[in-house]
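See below for the structure under consideration.
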Amino acid sequence: MTNALHINGEIHTIDAEPSTPLLYVLRNELGLHGPKFGCGLGQCGACMVHVDGRATYSCILPIAAVGARKITTLEGLLEEGKPNKLQQAFIDEQAAQCGYCISGMVMRAQALLLVNPHPTDDQIRKHMRPNLCRCGTHAAIMRAIKRAAV
Amino acid sequence: MPFRRVIVAAVVAVALMLLAGFAWTWRPAIAPIAAAERPSVDEPTFRHGAELAAIGNCNDCHVGDSGKPYAGGRPIPTPFGKIFASNITPDAETGIGNWSEEAFHRAMHEGVDREGRQLYPAFPYDHFTKATSDDVHALYAFLINQPLVHNAIPPSQLAFPFNFRPIVAGWKVLFLRETPLRDDDSKSAAWNRGRYLVEGLGHCGSCHTPRNILGAEKRNRAYAGGDAEGWEAPPLNSNSVAAHKWTADQLTEYLSTGWHRLHGAAAGPMADVTYNLAQAPTQDVRAMAEYIASLSAQSAAASIAPAPRHGNPVAGASPEIVAIYNGACANCHNDRNDVGPSKAISLSLSSAVRESGSANTVRVILQGIEPQPGSPGAYMPAFEAMFGDGEIGSLAQYVRARYTNQPQWTDIRQEISKARQGGS
């Protein structure tokens, strides 16, 4: 079954079962490896992408439910091929240790900054709570988000 | 004109009644105390007070901004308007710092604040009045020694005539029974302890009992199910729709961990209740469980037979909705005994899916279930950003058809729009 998906500003025609999670299509069909497979249960946030600007778990979003909504992945945040302000802030603050969660962290943080460009520490903590990092780089992630929010 | 005379007479009668009521219900202020006059507290009393505050779920309403305990300010929706929970930290100006124990006891038992003002029964003194003086003492000792937070609470936003506090005195005449509970000698000590906690500080009936037009619990329908901030507080009596009749053992586990494999996870306001009860003494939670289990039918069978664990075949289901269910829901709700890290049970066991209204199913799909801090408890992601209203409604109806033998819901659209607006 073919589905037309709007991803990072382009329309892609995908031939896949309608129950296929968006994450599998992004990684396996389109080679977008920013979003990661973590738990596959919508628990950890490594797979996070934007659906119409809102942070969403792509591992539990079947393509049948995407419709005409616009998908953005970590790759879609690049500005003229370069890291955007938030991505650069994550690099500058060395906010990754193993790095597996970071794509999801960036996407989730970007969704916050889209609606609230100057969040308080409390707002950042509350917003980022669903995303897990097992290395414990939370302090650096906080710094990166605050750097980008200035 | 006789009509006009009737109106005038009625207005005069109402005014007189109000005046009489006001005079009769007037309560004096109790003298403020200075910080130095606060009683000293020994550690066991303080700890006992902490346990009672957990059983009473005080902080669920009285929580402050950024989770500051007991600092108040949380808006509490009622059918009559909005009330803001008070600051019950020992700040003299905005909290209860200058309340003596006598003033605190009067608030708990009679619903009157230190200055003599009537308190609205959103503060459930209709239950707290059953608490013994010893327990009120421990609770006072605990609260008066909390970290002080200066936090002025906005005035309540109630429609006329409910914004006129003295009318609460009339409500109390009708609905407040200050007589203490007397032990039922034909029942076990645990049952009596459980009843004391459930009917008193636990105030379970505040949500699980339906309310009348004046906002009081209907005594003749105790525990027949009620409303909890838009969620349905399911019936605890024989009207329970649970797929397995609750036993005291199951309730003990559920209340102290927020989850049971035959009933699923506590969600919405109940999630906070179970988080609090996790910090209460086990024997008290067990006693509450025994009393609650005794409220429902004696027969061990469920009142409504459950659907098969893997569900019924659903004729005419839209392939798109089945695909969405398989892609978004079935990874966790796999219908196997092994519930996996999300602790997702077969939906054939879910009371939310079996209830006659869709309120809880809709809210769980939209808002998910947050794990309790520091615990590997049940978890469900919020789907509110992922699915539109049409998909949420169709998914809920599909789940209802597949996992129960009950008719389709008729209230889905209203519940989705209420839940999306965050209203009750």
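For the range A:1-124, what is the largest minus smallest coordinate of the Cα atoms on each principal axis, given in angstrom and ordered from greatest to least?
44, 30, 24
Convex hull over the alpha-carbon atoms of the protein assembly as shown: what's its volume per residue in Å³?
On the way: hull volume 117.9 nm³, N = 574.
Spread over its residues, the Cα hull of the protein assembly as shown gives 205 Å³ apiece.
Show the residues, 5+ positions off or on another chain, whose built amide H is closer than 5 Å to the amide H of residue B:377.
Amide H neighbours of residue B:377: B:372.
Return the average number of partner chain Cβ atoms within 10 angstrom of each residue Cβ along peptide B:313-325.
What the average comes to for B:313-325 is 3.
Kindly write out, for the range A:62-78 in residue order, the coupling ³J(HN,Hα) from the Karplus curve 6.51 cos²θ - 1.76 cosθ + 1.60 (θ = phi - 60°), rounded to whole Hz, with x marking Gly and Pro.
x, 4, 4, 9, 6, x, 8, 6, 8, 9, 10, 10, 3, 5, x, 7, 4
Are there DSSP H segments in chain B that both extend 20 Å or more along their axis (alpha-carbon positions) and score a mean Kyte-Doolittle hydropathy of at least 0.0? List them, or say none.
Sorted by number, the helices that extend far enough and score high enough are B:2-25.
Would you mind calculating the gained length between residue A:78 and residue A:11 on full extension (0.36 nm times residue separation, minus the Cα-Cα distance), in nm to one decimal?
Fully extending the segment from residue A:78 to residue A:11 adds 22.3 nm.
For residue A:85, list the aspartates and glutamates whose Cα falls under 14 Å from its own Cα; do not include residues on the same chain fewer than 8 positions away.
A:75, A:93
Report, in listed order, any pair from A:126/B:218; B:82/B:218; A:36/B:343; A:126/B:130; A:82/A:126; B:218/B:418 with a Cα-Cα distance greater than 32 Å.
A:126/B:218; A:126/B:130
Of all DSSP beta bridges located in the range A:2-76, what percent are antiparallel, nearest 5?
Values: 13 of 15 bridges.
Roughly 85 percent of the DSSP beta bridges within the range A:2-76 come out antiparallel.
More than 34 angstrom separation, counting every C-alpha pair in chain B; what % is that?
Roughly 37 percent, rounded to a whole number.
Along Cα→Cβ, 7 Å out, is where each label goes; now give me the distance between the ones at residue B:175 and residue B:326 in nm to one decimal.
5.1
Give the whole-number value, in cubic angstrom per residue, of the convex hull volume spanned by the C-alpha atoms of the range B:353-424.
It comes to 102 Å³ per residue, whole-number rounded.
Based on the Kirkwood radius over alpha-carbon pairs, what is the Stokes-Einstein translational diffusion coefficient of the range B:55-108 at 4 °C with 1.567 mPa s viscosity, in µm²/s?
Roughly 110 µm²/s, to the nearest whole number.
Rounded to whole Hz and in sequence order, give me ³J(HN,Hα) for the range B:370-387 from the Karplus expression 6.51 cos²θ - 1.76 cosθ + 1.60, θ = phi - 60°, writing x for Gly and Pro.
Once θ is set to phi - 60°, the couplings for the range B:370-387 become 7, x, 5, x, x, 10, x, x, 4, 9, 9, x, 7, 9, 5, 7, 8, 10 Hz.
What percent of all Cα-Cα pairs in the range B:25-175 falls in each 5 Å bin, counting up from 0?
2, 10, 18, 23, 23, 15, 6, 2, 0, 0
With the contact rule set at Cα under 8 Å and sequence spacing of 6 or more, what percent relative contact order holds for chain B?
Across chain B, relative contact order equals 13 percent.
No lab work stands behind these numbers, since they all come straight from the coordinates. Every value quoted in this text rests on a predicted model; they were computed, and no experiment measured them. Every residue, glycine among them, receives a Cβ derived from its backbone with ideal geometry; neighbour counts consider all protein chains shown.
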